[in-house]
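Everything below concerns the one structure shown next.
The values are calculated or read from the model by the stated rules, or taken from the named source; none is laboratory data. On a predicted model such as this, the values are computed, not experimentally measured, just so you know. Note that each Cβ is placed from the backbone with ideal geometry, even for glycine, and that neighbours are counted across all protein chains shown. The area values use the complete protein model at the heavy-atom level, side chains included, leaving out ligands, DNA and RNA. Shrake-Rupley method; radii C 1.70, N 1.55, O 1.52, S 1.80 Å.
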Amino acid sequence: MPTAPPPLTLIADALGVPEQRLRTLVLEHTTPSDAPLIALTVEEATRRLGVGRTTMYALIASGEVGSVLIGRLRRVPVEALDTYLADRSQVAAPTAAHAA
């Protein structure tokens, strides 16, 4: 009984492109980008800080953590999380010095 060619071979033939070229194109468009994210969803920011969703929304609402609207989407710049943590670290440093 003859075996059918692999699906990618059939697609490459139908498109009139070499199979290897089609494989390369598929890999280029399915491999995650190496570029780091510069803005996170609120849920991603929540996981990064290790706080609850309600806490993150409260931090955003109070302005302690900066955020931006992109269309209808709320995003938290990674830089805003770094700034928040740096500010909190500076506030906590004198307290730690008294404990010593």
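For the reader, a short list of remarks on this structure follows.
- The stretch between Val78 and Leu37 holds 14.0 nm of extra length on full extension. This uses 0.36 nm per residue minus the Cα-Cα distance.
- Spin-label model, Leu22/Leu85: points 7 Å from Cα along the beta carbon direction are separated by 4.6 nm.
- A 1.4 Å probe, protein heavy atoms only, puts the accessible area of Leu15 near 110 Å².
- For Thr55 and Leu15, the difference between the fully extended length at 0.36 nm per residue and the C-alpha to C-alpha distance is 9.2 nm.
- Accessible surface of Thr41 - all protein chains present, 1.4 Å probe, nearest 10 Å²: 40
- Ranking by accessible area, most exposed first, for Arg74, Arg53 with a 1.4 Å probe: Arg53, Arg74
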